[in-house]
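This report refers to the structure that appears directly beneath it.
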Amino acid sequence: MIHRHILAGALVAACLAAPATAQEAEVPAEVQALRDQGFARIAIANEPPYTAVDADGSVSGAGPDVARAVFQRLGIDDVVASISEYGAMIPGLQARRFDAVTAGLFMQPQRCAAVAYSEPILCDAEAFLLKAGNPLGLQSFADIANNPEARIGAPGGGTEERLALEAGVPRDRVVVVPDPQSGLTMLQQGRIDVYSLPVLSINALAQQAGDESLEVVAPVQGAPIYCDGAAFRRDQTSLRDAFDRELAALKESGEFARIVEPYGFSAQAAISSNREALCAQE
(Lines give C-alpha, C1' and ligand atoms only; values in the text may rest on other atoms or scores of the structure.)
Protein backbone atom coordinates (compact mmCIF):
# COMPACT_ATOMS: atom_id res chain seq x y z
CA MET A 1 0.00 0.00 0.00
CA ILE A 2 2.86 2.35 0.77
CA HIS A 3 4.22 1.89 -2.74
CA ARG A 4 0.77 2.56 -4.25
CA HIS A 5 0.45 5.84 -2.33
CA ILE A 6 3.90 6.88 -3.47
CA LEU A 7 3.01 6.03 -7.07
CA ALA A 8 -0.32 7.89 -6.86
CA GLY A 9 1.38 10.94 -5.40
CA ALA A 10 3.94 10.89 -8.19
CA LEU A 11 1.20 10.68 -10.82
CA VAL A 12 -0.70 13.60 -9.28
CA ALA A 13 2.48 15.67 -9.17
CA ALA A 14 3.20 14.82 -12.79
CA CYS A 15 -0.33 15.82 -13.85
CA LEU A 16 -0.13 19.11 -11.97
CA ALA A 17 3.23 19.88 -13.55
CA ALA A 18 2.05 19.11 -17.10
CA PRO A 19 -0.05 22.26 -17.70
CA ALA A 20 2.76 24.54 -16.53
CA THR A 21 5.19 22.78 -18.86
CA ALA A 22 2.77 23.11 -21.77
CA GLN A 23 2.23 26.79 -20.96
CA GLU A 24 5.95 27.44 -21.01
CA ALA A 25 6.20 25.63 -24.37
CA GLU A 26 3.64 28.06 -25.84
CA VAL A 27 5.81 31.11 -25.19
CA PRO A 28 7.41 32.07 -28.53
CA ALA A 29 11.20 32.05 -28.49
CA GLU A 30 11.26 35.73 -29.50
CA VAL A 31 9.10 36.67 -26.49
CA GLN A 32 11.22 34.60 -24.12
CA ALA A 33 14.39 36.23 -25.47
CA LEU A 34 13.00 39.68 -24.66
CA ARG A 35 11.89 38.48 -21.23
CA ASP A 36 15.42 37.33 -20.57
CA GLN A 37 16.78 40.62 -21.90
CA GLY A 38 14.41 42.48 -19.57
CA PHE A 39 13.37 45.12 -22.09
CA ALA A 40 12.50 45.70 -25.75
CA ARG A 41 14.59 48.06 -27.88
CA ILE A 42 12.30 50.38 -29.80
CA ALA A 43 12.95 53.01 -32.48
CA ILE A 44 11.22 56.37 -32.05
CA ALA A 45 11.37 59.74 -33.84
CA ASN A 46 11.02 62.15 -30.87
CA GLU A 47 7.93 63.64 -32.55
CA PRO A 48 5.25 64.44 -29.94
CA PRO A 49 2.59 63.30 -29.37
CA TYR A 50 3.58 60.07 -31.12
CA THR A 51 6.92 59.76 -29.35
CA ALA A 52 8.91 61.96 -26.99
CA VAL A 53 12.10 61.97 -24.98
CA ASP A 54 11.80 64.08 -21.85
CA ALA A 55 14.56 66.25 -20.41
CA ASP A 56 15.52 63.51 -17.96
CA GLY A 57 15.86 61.00 -20.81
CA SER A 58 12.63 59.14 -20.05
CA VAL A 59 10.56 58.01 -23.03
CA SER A 60 6.90 58.95 -23.42
CA GLY A 61 4.38 59.62 -26.16
CA ALA A 62 1.40 57.56 -27.26
CA GLY A 63 3.44 55.01 -29.24
CA PRO A 64 5.96 54.07 -26.54
CA ASP A 65 3.26 54.14 -23.85
CA VAL A 66 1.15 51.58 -25.74
CA ALA A 67 4.22 49.49 -26.55
CA ARG A 68 5.32 49.53 -22.90
CA ALA A 69 1.86 48.39 -21.73
CA VAL A 70 1.70 45.57 -24.30
CA PHE A 71 5.24 44.36 -23.63
CA GLN A 72 4.57 44.37 -19.89
CA ARG A 73 1.56 42.12 -20.51
CA LEU A 74 3.99 39.80 -22.31
CA GLY A 75 6.29 39.75 -19.28
CA ILE A 76 8.83 42.18 -20.74
CA ASP A 77 9.53 44.81 -18.10
CA ASP A 78 10.26 47.97 -20.08
CA VAL A 79 11.26 49.60 -23.36
CA VAL A 80 14.56 51.28 -24.24
CA ALA A 81 14.28 53.82 -27.05
CA SER A 82 16.65 55.02 -29.76
CA ILE A 83 15.87 58.13 -31.81
CA SER A 84 15.98 57.49 -35.55
CA GLU A 85 14.99 59.24 -38.78
CA TYR A 86 12.01 57.58 -40.41
CA GLY A 87 14.03 56.50 -43.42
CA ALA A 88 16.50 54.66 -41.17
CA MET A 89 13.95 52.83 -39.01
CA ILE A 90 13.23 49.81 -41.20
CA PRO A 91 16.91 49.28 -42.14
CA GLY A 92 17.78 49.53 -38.43
CA LEU A 93 15.08 47.01 -37.56
CA GLN A 94 16.29 44.64 -40.28
CA ALA A 95 19.85 45.03 -39.00
CA ARG A 96 18.62 44.00 -35.52
CA ARG A 97 19.50 47.32 -33.89
CA PHE A 98 15.87 47.49 -32.68
CA ASP A 99 13.37 44.86 -31.57
CA ALA A 100 10.43 46.95 -32.80
CA VAL A 101 9.53 50.33 -34.29
CA THR A 102 6.81 52.22 -32.42
CA ALA A 103 7.07 55.68 -33.94
CA GLY A 104 4.09 56.63 -36.08
CA LEU A 105 5.52 54.65 -39.01
CA PHE A 106 2.31 54.55 -41.04
CA MET A 107 1.30 51.37 -42.86
CA GLN A 108 1.85 51.45 -46.60
CA PRO A 109 2.10 48.53 -49.06
CA GLN A 110 5.87 48.86 -49.49
CA ARG A 111 6.44 49.02 -45.74
CA CYS A 112 4.06 46.13 -45.13
CA ALA A 113 6.18 44.08 -47.53
CA ALA A 114 9.33 44.93 -45.56
CA VAL A 115 8.15 44.48 -41.95
CA ALA A 116 5.57 42.56 -39.94
CA TYR A 117 3.13 45.15 -38.63
CA SER A 118 0.89 44.71 -35.61
CA GLU A 119 -2.77 45.69 -35.81
CA PRO A 120 -3.37 49.50 -35.83
CA ILE A 121 -2.35 51.60 -32.84
CA LEU A 122 -2.35 55.32 -33.78
CA CYS A 123 -4.36 56.92 -36.59
CA ASP A 124 -3.93 60.41 -38.05
CA ALA A 125 -4.21 62.63 -41.17
CA GLU A 126 -1.82 65.09 -42.83
CA ALA A 127 -1.44 68.80 -42.04
CA PHE A 128 0.46 71.87 -43.22
CA LEU A 129 2.16 74.51 -41.09
CA LEU A 130 2.60 77.74 -43.05
CA LYS A 131 2.50 81.52 -42.82
CA ALA A 132 -0.67 83.04 -41.35
CA GLY A 133 -3.24 83.81 -44.02
CA ASN A 134 -1.82 81.03 -46.23
CA PRO A 135 -0.46 83.54 -48.79
CA LEU A 136 0.23 80.85 -51.42
CA GLY A 137 -3.18 79.23 -50.96
CA LEU A 138 -1.75 75.77 -50.25
CA GLN A 139 -4.47 73.26 -49.38
CA SER A 140 -3.01 70.13 -50.96
CA PHE A 141 0.25 68.60 -52.14
CA ALA A 142 -0.97 69.21 -55.70
CA ASP A 143 -1.18 72.94 -54.90
CA ILE A 144 2.50 72.87 -53.98
CA ALA A 145 3.36 71.04 -57.20
CA ASN A 146 1.42 73.58 -59.26
CA ASN A 147 3.15 76.60 -57.69
CA PRO A 148 6.75 76.86 -58.95
CA GLU A 149 7.65 79.10 -56.00
CA ALA A 150 6.41 76.77 -53.25
CA ARG A 151 8.95 74.76 -51.25
CA ILE A 152 7.88 72.08 -48.80
CA GLY A 153 9.80 70.71 -45.83
CA ALA A 154 9.21 67.10 -44.80
CA PRO A 155 10.94 64.35 -42.80
CA GLY A 156 13.41 62.34 -44.85
CA GLY A 157 11.95 58.98 -45.84
CA GLY A 158 8.58 59.91 -44.33
CA THR A 159 5.05 59.84 -45.70
CA GLU A 160 4.96 63.58 -46.38
CA GLU A 161 8.06 63.46 -48.57
CA ARG A 162 6.54 60.61 -50.59
CA LEU A 163 3.17 62.37 -50.97
CA ALA A 164 4.86 65.55 -52.19
CA LEU A 165 6.94 63.71 -54.78
CA GLU A 166 3.96 61.61 -55.94
CA ALA A 167 1.91 64.81 -56.35
CA GLY A 168 4.56 66.10 -58.76
CA VAL A 169 6.57 68.43 -56.53
CA PRO A 170 10.08 68.48 -58.05
CA ARG A 171 12.82 66.96 -55.93
CA ASP A 172 14.60 70.32 -55.63
CA ARG A 173 11.50 71.86 -53.99
CA VAL A 174 11.15 69.06 -51.41
CA VAL A 175 13.48 69.91 -48.53
CA VAL A 176 14.39 67.08 -46.16
CA VAL A 177 14.01 68.27 -42.57
CA PRO A 178 15.75 66.28 -39.79
CA ASP A 179 13.38 67.14 -36.93
CA PRO A 180 10.27 69.26 -36.14
CA GLN A 181 12.18 72.11 -34.51
CA SER A 182 14.33 72.47 -37.63
CA GLY A 183 11.18 72.52 -39.78
CA LEU A 184 9.70 75.28 -37.63
CA THR A 185 12.89 77.35 -37.82
CA MET A 186 13.19 76.92 -41.59
CA LEU A 187 9.58 78.03 -42.04
CA GLN A 188 10.04 81.06 -39.79
CA GLN A 189 13.20 82.02 -41.71
CA GLY A 190 11.47 81.68 -45.09
CA ARG A 191 13.67 78.80 -46.27
CA ILE A 192 10.53 76.73 -46.87
CA ASP A 193 6.94 77.83 -47.50
CA VAL A 194 5.17 74.93 -45.81
CA TYR A 195 6.14 72.24 -43.38
CA SER A 196 4.15 69.01 -43.43
CA LEU A 197 3.61 66.49 -40.65
CA PRO A 198 0.59 64.59 -39.31
CA VAL A 199 -2.15 66.72 -37.72
CA LEU A 200 -1.27 65.92 -34.14
CA SER A 201 2.43 66.58 -34.62
CA ILE A 202 1.84 69.88 -36.42
CA ASN A 203 -0.62 71.03 -33.76
CA ALA A 204 1.83 70.16 -30.98
CA LEU A 205 4.62 72.00 -32.80
CA ALA A 206 2.46 75.08 -33.42
CA GLN A 207 1.28 75.14 -29.82
CA GLN A 208 4.83 74.86 -28.54
CA ALA A 209 6.02 77.64 -30.86
CA GLY A 210 3.24 80.07 -29.90
CA ASP A 211 4.01 82.01 -33.08
CA GLU A 212 0.98 84.01 -34.27
CA SER A 213 2.62 84.52 -37.66
CA LEU A 214 1.98 80.86 -38.46
CA GLU A 215 -1.19 78.82 -39.01
CA VAL A 216 -2.19 75.21 -39.51
CA VAL A 217 -4.11 73.80 -42.49
CA ALA A 218 -5.65 70.42 -41.67
CA PRO A 219 -6.50 67.97 -42.95
CA VAL A 220 -4.61 68.30 -46.23
CA GLN A 221 -7.03 67.92 -49.13
CA GLY A 222 -6.74 64.64 -51.00
CA ALA A 223 -4.35 63.06 -48.49
CA PRO A 224 -5.40 59.72 -46.98
CA ILE A 225 -5.89 58.95 -43.31
CA TYR A 226 -3.18 56.69 -41.92
CA CYS A 227 -2.66 54.32 -39.05
CA ASP A 228 0.58 52.95 -37.71
CA GLY A 229 1.31 49.75 -35.87
CA ALA A 230 4.30 48.31 -34.09
CA ALA A 231 6.71 47.05 -36.76
CA PHE A 232 8.71 43.86 -36.32
CA ARG A 233 11.11 41.98 -38.58
CA ARG A 234 9.46 39.72 -41.14
CA ASP A 235 10.97 36.65 -39.46
CA GLN A 236 9.40 37.60 -36.11
CA THR A 237 5.73 36.99 -36.83
CA SER A 238 5.44 34.94 -33.61
CA LEU A 239 6.48 38.03 -31.62
CA ARG A 240 4.11 40.18 -33.70
CA ASP A 241 1.23 37.75 -33.14
CA ALA A 242 1.86 37.68 -29.39
CA PHE A 243 1.94 41.50 -29.41
CA ASP A 244 -1.36 41.54 -31.34
CA ARG A 245 -3.07 39.27 -28.82
CA GLU A 246 -2.15 41.53 -25.91
CA LEU A 247 -2.94 44.68 -27.92
CA ALA A 248 -6.44 43.30 -28.59
CA ALA A 249 -6.90 42.63 -24.87
CA LEU A 250 -5.72 46.17 -24.11
CA LYS A 251 -8.28 47.59 -26.54
CA GLU A 252 -11.10 45.45 -25.18
CA SER A 253 -10.38 46.37 -21.56
CA GLY A 254 -10.53 50.11 -22.23
CA GLU A 255 -6.93 50.61 -21.13
CA PHE A 256 -5.90 51.35 -24.72
CA ALA A 257 -8.28 54.33 -24.85
CA ARG A 258 -7.01 55.55 -21.49
CA ILE A 259 -3.48 55.60 -22.91
CA VAL A 260 -3.97 57.18 -26.35
CA GLU A 261 -6.88 59.59 -25.91
CA PRO A 262 -5.09 62.01 -23.56
CA TYR A 263 -2.57 62.47 -26.39
CA GLY A 264 -5.39 63.44 -28.75
CA PHE A 265 -5.68 60.16 -30.67
CA SER A 266 -8.96 58.37 -31.34
CA ALA A 267 -8.99 54.90 -29.81
CA GLN A 268 -12.05 54.01 -31.90
CA ALA A 269 -10.23 54.86 -35.15
CA ALA A 270 -7.59 52.25 -34.34
CA ILE A 271 -10.12 49.72 -33.06
CA SER A 272 -12.26 50.03 -36.20
CA SER A 273 -9.30 49.76 -38.60
CA ASN A 274 -7.34 46.65 -39.53
CA ARG A 275 -3.89 45.85 -40.84
CA GLU A 276 -5.05 44.08 -44.00
CA ALA A 277 -7.03 47.05 -45.32
CA LEU A 278 -4.39 49.61 -44.34
CA CYS A 279 -1.59 47.65 -46.01
CA ALA A 280 -3.63 47.54 -49.22
CA GLN A 281 -4.24 51.30 -49.17
CA GLU A 282 -2.19 53.16 -51.76
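The values are calculated or read from the model by the stated rules, or taken from the named source; none is laboratory data. Owing to the predicted nature of the structure, the values given are computational and were not obtained by experimental measurement. In this analysis, Cβ positions are derived from the backbone assuming ideal geometry, glycine residues included, and neighbour counts consider all displayed protein chains.
The rows are residues; the columns are (1) free of Cβ contacts under 8 Å to residues at least 24 places away in the same chain; (2) hydroxyl-bearing (Ser, Thr, Tyr); (3) assigned to a loop (DSSP other than H, G, I, E, B).
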position: GLN72; (1), (2), (3): yes, no, no
position: GLY104; (1), (2), (3): no, no, yes
position: ILE121; (1), (2), (3): no, no, yes
position: GLY137; (1), (2), (3): yes, no, yes
position: GLU149; (1), (2), (3): no, no, yes
position: ALA154; (1), (2), (3): no, no, no
SER182 being at pLDDT 95 or above, within 24 Å of the chain's Cα centre (by Cα) and surrounded by 23 or more Cβ atoms within 10 Å (Cβ to Cβ): no
Matching residues in segment 181-217 - criterion: being under 27 Å from PRO148 (Cβ atoms), assigned to a loop (DSSP other than H, G, I, E, B) and not basic (Lys, Arg): GLN189, GLY190, ILE192, ASP193, ASP211, SER213
Odd one out for ALA150 among (1) aliphatic (A, V, I, L, M); (2) in contact with an Asp or Glu (Cβ under 8 Å, 6 or more places away or on another chain); (3) in the same structural domain as PRO48 (by TED's automatic domain parsing): (3)
Which of the residues belonging to segment 228-282 are aromatic (Phe, Trp, Tyr) and at pLDDT below 95? TYR263, PHE265
Would you point out the residue of segment 123-135, among those that are out of contact with any Pro (no Cβ under 8 Å at 6 or more places or on another chain) and part of a strand (DSSP E or B), that is surrounded by the fewest Cβ atoms within 10 Å (Cβ to Cβ)? LYS131
Picked from segment 42-89 (must be of a type in the set (D, E, K, R) and touching a Ser or Thr at 6+ places or on another chain (Cβ under 7 Å)), the residue surrounded by the fewest Cβ atoms within 10 Å (Cβ to Cβ) is ASP54
